[in-house]
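For reference, the structure is listed below as structure tokens.
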Amino acid sequence: MNGIDALVPRERQTPGARKLRDFYDGVPGAPVVQMEFGYYSMDRWIREGHVAADTDLAARFGFDPPGEYSLEQLGWCEAPFVPAFETKVLEDRGEHELVQDFAGRHVLFFKGRRSGFMPEYVEHPVKDLRTWEEDVKWRLDPASPERTADLDERMAEAKAFAAEGRVITQNLGGGYMYLRSLIGPVDLLYKFHDEPELIHACMENWLKMADTVTAAHQRHVTLDQLFLSEDICFNKGPLISPDMMREFLLPYYQQYVANVRARQIDRTRTLHLQIDSDGFSDPVIPIYKEIGMDILSPFEVASGCDVVRTGAEHPDLRIKGGFDKRILAAGKDAIDREVDRILPAMRRRGGYIPTCDHGVPEEVAFEDYVHFRKRLLEFT
């Protein structure tokens, strides 16, 4: 029972791994995993002297030790280009500069400031079948030797964590996120109708890439989870129809998941499938369940998501996120009301990890965030 041929017994799992696996198993009443989505507030908190750049946030806020190990190499918000595009300034526009970024996009930044805000994406690398074939596809060759250059080192680390009972996750950019990064969020919507052959050509390569890289990892470890970034929803629901999802995405997902299941070293292991999408994601839950999704995140409250409602409607769904970032900025009383509304019900249900529904915003006062973490610790 080395975590590869068979799951490590519970008594040999690390505390973080045991607690996280209770979430995946949906154990009712289990102690709540303590973690956070991320932070946009850190610069403010450092400036005000509450934390330092090297502060151990896990110790400061009572986070649980890691219970997961993630395998990468398949992109996330952008396609996994090897080689990446050259990053270079294309045009000086005074206070702004137009830059070609590593994903081949032309992006308008404030001069001297390329992070910490949402830039303007002016152009994307795939415009038609010709630009796909000539400029982009060769950068997404799954056989590129650079993709496996450090495989032995990474797999040695993965095996060591599997022996601790950690959840071994394959992260990858989902099909919609991948297409959006190649074609652009607006142009992509037209391409589904005007050039479906281009979408299928890109998705055939998505499947080949995802399957080849994941297969290399599966020769060494058994996977517990596939985690796809998708961002297919906006504030009113999905950006494309269910029929379009079933035509352009689901066949490739179904084949990929089937291939992964067939290659598992431990054939008895449950393979979880997590989908990450911003926006109002409730309408896509039944569709993604068709490919085996059993975990969804991050439940953006401003778009209408409500983890208590969705948890009752889908008792088999594991839920991560869903605490309104705006409430964190509204003070302790507002935080208490929301904690008391969500946590007792969701802990009784099981299968819930409370985090901010995106990075903690700059508007959140440090003392209010500390209060939030103390309240969540009541449910450990």
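When you check ARG180 against the structure, is it basic (Lys, Arg), part of a helix (DSSP H, G or I) and over 18 Å from ARG105 (Cβ atoms), yes or no?
So ARG180 fails the test.
So in the range 117-138, with the set limited to residues that are loosely packed, with under 12 Cβ neighbours inside 10 Å and without any contact (Cβ under 8 Å) to a residue 12 or more places away in the chain, which one is farthest from PRO196 (Cα to Cα)?
Selected residue: PHE117.
Go through GLY331, GLY311, GLY322, GLY304 for me and flag whichever is of a type outside the set (D, E, K, R), on the phi > 0 side of the Ramachandran plot and buried (at least 21 other Cβ atoms within 10 Å of the Cβ). Let's see the steps before the verdict.
Details: GLY331 fails: buried (at least 21 other Cβ atoms within 10 Å of the Cβ); GLY311 fails: on the phi > 0 side of the Ramachandran plot; GLY304 fails: buried (at least 21 other Cβ atoms within 10 Å of the Cβ).
GLY322 is the lone residue from the list that is of a type outside the set (D, E, K, R), on the phi > 0 side of the Ramachandran plot and buried (at least 21 other Cβ atoms within 10 Å of the Cβ).
Return yes or no: is ARG261 more than 26 Å from ASP324 (Cα to Cα), in a helix (DSSP H, G or I) and either touching a Leu at 6+ places or on another chain (Cβ under 9 Å) or modelled with pLDDT under 95 (or both)? Please lay out each step first, then the result.
Details: more than 26 Å from ASP324 (Cα to Cα): yes; in a helix (DSSP H, G or I): yes; either touching a Leu at 6+ places or on another chain (Cβ under 9 Å) or modelled with pLDDT under 95 (or both): yes.
Here the answer is yes, as ARG261 does meet what is asked.
Taking LEU20 as the residue in question, decide whether it is closer than 25 Å to MET155 by Cβ and touching a strand residue (DSSP E or B) at 6+ places or on another chain (Cβ under 6 Å).
Answer is yes for this residue.
Any residue that is touching a Leu at 6+ places or on another chain (Cβ under 6 Å) and in a loop (DSSP other than H, G, I, E, B) - is there at least one of those in the range 49-67?
In the first step, residues of the range 49-67 are kept if they are touching a Leu at 6+ places or on another chain (Cβ under 6 Å); the result is 62, 67.
Of the ones still in play, those that are also in a loop (DSSP other than H, G, I, E, B) are 62, 67.
Yes.
Is it the case that some residue within the range 242-249 is at pLDDT 95 or above, within 30 Å of ALA6 (Cβ to Cβ) and surrounded by 20 or more Cβ atoms within 10 Å (Cβ to Cβ)?
Of all residues in the range 242-249, those at pLDDT 95 or above come to 242-249.
Those left that are additionally within 30 Å of ALA6 (Cβ to Cβ): none.
No, the range 242-249 contains no residue that is at pLDDT 95 or above, within 30 Å of ALA6 (Cβ to Cβ) and surrounded by 20 or more Cβ atoms within 10 Å (Cβ to Cβ).
Kindly check whether there is at least one residue in the range 211-222 that is outside any helix (DSSP H, G or I) and either outside the structural domain of GLU68 (by TED's automatic domain parsing) or closer than 28 Å to ASP128 by Cα (or both).
Let us first name the residues in the range 211-222 that are outside any helix (DSSP H, G or I), namely 219-222.
Filter once more, so that each one left must be either outside the structural domain of GLU68 (by TED's automatic domain parsing) or closer than 28 Å to ASP128 by Cα (or both): none.
Scanning the range 211-222 turns up no residue that is outside any helix (DSSP H, G or I) and either outside the structural domain of GLU68 (by TED's automatic domain parsing) or closer than 28 Å to ASP128 by Cα (or both).
Residue by residue, here is whether (1) part of a loop (DSSP other than H, G, I, E, B); (2) touching a His at 6+ places or on another chain (Cβ under 6 Å) holds:
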position	(1), (2)
GLY104	yes, no
LEU108	no, yes
ARG130	no, no
GLU133	no, no
LYS137	no, no
ARG147	no, no
ARG154	no, no
ALA158	no, no
PHE161	no, no
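Within the range 326-361, track down each residue that is of a type outside the set (S, T, N, Q) and assigned to a loop (DSSP other than H, G, I, E, B).
Scanning the range 326-361 gives ALA329, ALA330, GLY331, GLY350, GLY351, PRO354, ASP357, HIS358, GLY359, PRO361.
The values are calculated or read from the model by the stated rules, or taken from the named source; none is laboratory data. Here the structure is a predicted model, which means the values were calculated and not measured. FYI the Cβ positions are ideal-geometry reconstructions off the backbone, even for glycines, and counts take in every protein chain you see.
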